[in-house]
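Visitor: Let me give you the structure first, and then I'll get to my questions.
FYI, it's all coordinate maths here, none of it is from the lab. Just so it is clear, the model here is predicted, and its values are computed rather than measured. Methodologically, a virtual Cβ is constructed for each residue, glycine included, from the backbone with ideal geometry; neighbour enumeration extends over all protein chains shown.
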Amino acid sequence: MSQASLAVRSLIVSREAIRPRRPVTGTITSTVARMVAAVAAAAVAVALAAGVSAGWGAMPVAAQEAAQPKNIILMIGDGMGFQQVNALRTFKRAMGLKLAMDEVDDARTTMTTRSADSAVTDSSSAAAAMATGYKTNNKWMSITPDRTVVPTILEQAEKIGKSTGLVSTAPAAHATPGAFVSHITNRDDFDTIALEVLASGVDVLLAGGRNNFDARRDGLDLLERARTARYRYTCVTTAAELKAVTTGRVLGLFHPTGGLTRMMDRPADTTEPTLSEMTAKALELLSQDDDGFFLMVEGGQIDWECHSNNFVGMIAEMAEFDNAVRVALDFVRSHPNTLLIVAADHETGGLSFDERTGKFSWSSTGHTGANVPVMAEGAGASAFAVALMDNTEMARKIAALGGYPRPLVIQYERAGASVTFTVTSYGVPVEGATVEVNGTIVGTTDAKGQVTWSNAGTGTISVKVTKEGFEEGKREISMAVNLLLPTPGLSTPAPAAAPLPEAA
């Protein structure tokens with residue numbers, strides 16, 4: 001067992017603090033600071049090994065704002081609310097250590113998180129909102145409630161030649177990483193999500209959940225496919241193997257069945273990389289692309305510890321997430337054309353923490369509807385200098401700052417013989433778009449992004465939408481429905497999975 005784990009386990013807490021059965025309270029002592037110090041010390045070694053200076057001062061804000069970002073790093077602390085951040089800050093400060101997140105301060109704001117069907121979001125719908133600009137239902141990924149498939153910022157970044165990466169302590173096919181590459185109505189369909197992950201073309205994928213790739217119910221071995229000339233992945237399963245990769249695409253799945261081993265339970269001789277080590281390697285590989293990159297990094301198990309009302313486990317996961325933030329922050333300081341965004345998808349547990357006394361309490365074992373923190377540093381960070389933002393605005397800001405293509409998304413609703421088309425881009429109505437049906441122009445969208453066509457029949461129609469400066473939008477729609485009922489765009493179901501090419 002590691003020194004950090006021993007220190008955590010020795011922390012004096014009330015016995016209820018590790019029981020998830022009811023809301024709990026407890027008191028911590030400064031013993032936890034030894035764990036924070038031990039975990040934080042690893043960040044310096046990781047940063048130096050990756051060629052990132054852990055001690056460089058911040059570049060002046062004026063210089064950071066002078067250029068738009070070539071590289072964008074989005075870091076998501078799953079379940080990380082303001083109180084979780086405050087708790088870690090308190091212990092680090094007691095040890096004379098800085099919270100890396102406090103240095104991500106070119107711009108700061110607060111973000112709302114509700115989903116399309118609930119005031120309390122889950123991780124898949126929250127990640128989908130941040131990845132696409134559209135609200136969706138809980139348990140859904142990057143497909144709207146009317147089953148319209150919407151592109152993600154990762155997919156759009158790939159279209160202009162940028163390298164892309166996903167890093168998580170959760171399984172690769174889990175809610176948050178999955179929402180950036182998968183379009184599905186059931187977040188628990190891990191095998192299907194894994195198919196879409198592989199088909200997505202993401203260049204660096206580092207996470208857990210190897211069983212969704214090599215021990216599948218359908219008998220497919222996606223790791224074997226990943227190694228073929230068509231996909232060109234180096235597949236690794238240990239920290240040592242990951243360290244040996246110096247170029248090219250990499251698929252690292254470091255746990256056979258689930259997320260990576262929680263920080264509290266890691267032995268000193270673990271073969272699994274930490275989140276900060278995975279982040280450092282992802283930056284090393286992705287930064288070799290002259291066109292730039294988009295990278296999403298998730299601290300996935302902060303949420304899991306909060307679900308269990310395990311304060312000590314939460315601090316351990318938060319400390320390692322902050323280590324990963326330190327690695328990313330130092331990269332930004334040495335690469336001024338990079339934007340770093342640190343955010344949460346939602347808060348978990350309803351944590352309250354008193355920094356004066358060390359007392360804490362939980363009000364829930366589930367997610368809450370609390371607003372969450374957003375911090376930004378580097379090129380373009382001023383876009384986040386707002387009083388309040390919604391999670392859908394994350395995709396819009398990132399796409400605009402990164403210069404990602406603007407898609408035209410077609411949704412529709414039918415009433416009788418009339419069909420109203422709504423055209424949006426990253427969830428925002430597009431005015432002045434030309435709408436064609438079966439090759440004939442039927443109108444131009446108004447300020448709401450809408451145009452109505454009154455000649456609907458019962459066959460299948462081909463809809464095309466164009467506007468200068470946007471990607472062309474196309475959709476096939478079946479009109480074989482009851483003409484008396486309003487029918488939102490349900491005739492285009494979510495695909496079961498992106499087609500997987502045959503092995504080369």
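Visitor: Pick out, from Q450, I477, V465, the residue whose Cα sits farthest towards the positive end of the charge dipole of region 409-488, with +1 on the Cβ of Lys and Arg and -1 on the Cβ of Asp and Glu.
Guide: I477
Visitor: Kirkwood hydrodynamic radius for region 135-240: how many Å is it when counted over pairs of different Cα atoms?
Guide: Here the Kirkwood hydrodynamic radius works out to 14.3 Å.
Visitor: Amide H to amide H under 5 Å from T234: which residues, 5+ apart in sequence or cross-chain, H placed 1.01 Å off N in plane?
Guide: R249, V250, L251
Visitor: Something else: Once the Cβ-Cβ distance between S478 and A400 is put in as r, and R0 is 25 Å, what FRET efficiency do you end up with, to the nearest 0.05?
Guide: Working: r = 34 Å, r/R0 = 1.37.
According to the calculation, E is roughly 0.15.
Visitor: Among D390, D290, what is the fewest-to-most ranking by other Cβ atoms within 10 Å?
Guide: D290, D390
Visitor: Rounded to whole Hz and in sequence order, give me ³J(HN,Hα) for region 165-172 from the Karplus expression 6.51 cos²θ - 1.76 cosθ + 1.60, θ = phi - 60°, writing x for Gly and Pro.
Guide: x, 10, 10, 7, 8, 8, x, 4
Visitor: Under the rule a/c < 1.5 gives rounded, and otherwise a/b versus b/c splits prolate from oblate, where does region 94-195 land using the Cα gyration tensor?
Guide: Prolate, because a/c is 1.5 or more and a/b exceeds b/c.
Visitor: log10 I(q)/I(0), Debye, Cα-only region 409-488, no solvent, q = 0.11, 0.25 Å⁻¹?
Guide: Scattering profile of region 409-488, log10 relative to I(0): -0.25, -1.22.
Visitor: Right, here's the next one. Could you line up F254, F470 from fewest to most neighbouring Cβ atoms inside 10 Å?
Guide: Sorted ascending by nearby Cβ count, the order is F470, F254.
Visitor: I would also like to ask the following. Applying 1/(1 + (r/R0)^6) with R0 = 51 Å to the Cβ-Cβ distance of E355 and R230, what FRET efficiency is obtained, to the nearest 0.05?
Guide: Numbers: r = 53 Å, r/R0 = 1.04.
Working from the Cβ atoms, E equals 0.45.
Visitor: Let me ask something else. Packing-wise, with mean Cβ within 10 Å as the measure, how do 104-113, 298-307 rank, highest first?
Guide: The peptides rank, most packed first, as 298-307, 104-113.
Visitor: Follow-up. So for the pair T444, S363, with labels modelled 7 Å out along Cα→Cβ, what separation do we get in nm?
Guide: Inter-label distance under the simple model: 5.1 nm.
Visitor: Work out, step by step, the length gained on full extension between T458 and T420: first 0.36 nm times the residue separation, then minus their alpha carbon distance; give nm to one decimal.
Guide: That works out to 12.1 nm of additional length.
Visitor: Tell me the net charge near R187. Cut-off is 9 Å between Cβ atoms, R187 excluded, with +1 for each Lys or Arg and -1 for each Asp or Glu.
Guide: Taking every Cβ under 9 Å from that of R187, the sum is -2.
Visitor: Just to check I understand the Karplus step: with θ = phi - 60° and J = 6.51 cos²θ - 1.76 cosθ + 1.60, what whole-Hz values come out for region 399-407, glycine and proline as x?
Guide: Coupling constants for region 399-407: 4, 5, 5, x, x, 6, x, 9, x Hz.
Visitor: Another one. Taking the Cβ of Q450 as the center, what net charge do the other residues with Cβ under 12 Å away carry, scoring Lys and Arg +1 and Asp and Glu -1?
Guide: -2
Visitor: At 0.36 nm per residue, minus the direct Cα-Cα distance, what do A387 and T434 gain on full extension? Give it in nm, one decimal, please.
Guide: On the way: separation 47, 0.36 × 47 = 16.92 nm, distance 3.52 nm.
In short, 13.4 nm is gained.
Visitor: Now for a separate question. For a quick protection proxy, order the peptides 257-263, 243-249, 84-90 by their average other-Cβ count within 10 Å, most packed first. Mind dumping the intermediate values first?
Guide: Values: 257-263: 18.6, 243-249: 13.1, 84-90: 22.9.
Result, highest mean Cβ count within 10 Å first: 84-90, 257-263, 243-249.
Visitor: Cross-link list K70/K92; K243/K397; K70/K159; K159/K448; K92/K139; K159/K467: which exceed 24 angstrom alpha carbon to alpha carbon? Don't jump to the answer; show the numbers that get you there.
Guide: On the way: K70/K92 32 Å; K243/K397 33 Å; K70/K159 14 Å; K159/K448 27 Å; K92/K139 35 Å; K159/K467 18 Å.
Too far apart for the 24 Å limit: K70/K92; K243/K397; K159/K448; K92/K139.
Visitor: Beta carbons within 10 angstrom, averaged per residue: use that to sort the peptides 120-132, 200-212, highest first.
Guide: 120-132, 200-212
Visitor: From the phi angles alone, apply the Karplus equation (6.51, -1.76, 1.60; θ = phi - 60°) to region 344-354 and give each ³J(HN,Hα) in whole Hz, x where the residue is Gly or Pro.
Guide: 10, 8, 5, 9, 10, x, x, 6, 10, 9, 9
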